[in-house]
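The values are calculated or read from the model by the stated rules, or taken from the named source; none is laboratory data. Computed from a prediction, not measured in an experiment: that's the story for all the values here. Positions of Cβ are backbone-derived with ideal geometry, glycine not excepted, and every protein chain shown enters the neighbour counts. Surface areas here come from the heavy atoms of the whole protein model, side chains and all, with no ligands, DNA or RNA. Shrake-Rupley method; radii C 1.70, N 1.55, O 1.52, S 1.80 Å.
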Amino acid sequence: MQFSEKVVGGAVPSQFIGSVEKGARTQLANGLDQDHIPVLDVLVTLVDGKAHSVDSSDAAFQTAGSLAVKDAAVNGRPALLEPWAAVDITVPDAHVGSVMSDLSGRRARVTGSEPDPSAMVGMERTVVHAEIPEAELVRYATSLRSITAGTGRFSRQFARYDLVPSNMAASLRSPAAD
C-alpha cells in the first residue's frame, strides 16, 4: 500500500495523519470482509477530514482510516487477481493435439507453437507456448506425463496477474459470506 495526503488548511492535524494511514493499512491487511483476504497494490490518499478539540484521538483517526477503506471498497468494486504463468511445453508431434485440448480445459491461452530445433530426425517434437493460471498448474506435471506417455516436459515462469473470472471468484467466497 502507498499512502499520500493532500489535506489543505489543516483539516486533519498533522499528528493524526499517521493514525489514518495506520487504520487504512490495518484494514487492508485484514481484508475487506469476513474472508480476510489481504488487499494489495492500493494507493490511499487522504484528502480531507475534520478534527474536534475534545473528541480527536489516535484511535478515532485509525477508525476513520479503516472505515474509509471499507467505504471505498464498496464503491470502487475491487477485483480478485490471480497469478498467470508463461509455459513452454515440449512434446512429441503425435501428442500436440491432446496437449492443446488439455490446455483449453485449464483456461490456458495458447500463444503459439514451433518445431523443437533440438529434436533429432525421426523424433520430431513441438514446443507449445501458452499462458495459464498458476492454479491450473498444480498437478500439471502428472497430467502431462499421462497425456504424453512420459515424453512431455514443460517449463514455466511468472507472466502477470489477471482477473479471476466472476463465476470463479464467486465460488471462492466462503459459505459464511453468502
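In summary, Ser57 fulfils each of the numbered conditions (1) in contact (Cβ under 8 Å) with a residue 12 or more places away in the chain; (2) open to solvent by 30 Å² or more (accessible area, probe 1.4 Å) with the single exception of condition (1). Of the listed requirements (1) more than 30 Å from Tyr161 (Cα to Cα); (2) in contact (Cβ under 8 Å) with a residue 40 or more places away in the chain, Lys22 misses just one: (1). Could you tell me whether Asp48 is in a loop (DSSP other than H, G, I, E, B), under 23 Å from Pro83 (Cα atoms) and either out of contact with any helix residue (DSSP H, G or I) (no Cβ under 7 Å at 6 or more places or on another chain) or in contact (Cβ under 8 Å) with a residue 24 or more places away in the chain (or both)? No, not satisfied. When residues in the range 1-20 are screened for being assigned to a helix (DSSP H, G or I) and either of a type in the set (Lys, Arg) or touching a helix residue (DSSP H, G or I) at 6+ places or on another chain (Cβ under 9 Å) (or both), 6 of them pass.
If you take the residues of the range 60-119 that are polar (S, T, N, Q) and within 19 Å of Gly31 (Cα to Cα), which of them is least open to solvent (accessible area, probe 1.4 Å)? Going through the qualifying residues, I end up with Ser66.
Once the range 14-48 is narrowed to residues that are more than 15 Å from Lys70 (Cβ to Cβ) and among the small types (Gly, Ala, Ser), the residue that is surrounded by the most Cβ atoms within 10 Å (Cβ to Cβ) is Ser19. Whether any residue in the range 130-146 is in contact with a Gly (Cβ under 9 Å, 6 or more places away or on another chain), surrounded by 13 or more Cβ atoms within 10 Å (Cβ to Cβ), among the polar types (S, T, N, Q) and at pLDDT 95 or above is what I want to check. No: the range 130-146 contains no residue that is in contact with a Gly (Cβ under 9 Å, 6 or more places away or on another chain), surrounded by 13 or more Cβ atoms within 10 Å (Cβ to Cβ), among the polar types (S, T, N, Q) and at pLDDT 95 or above.
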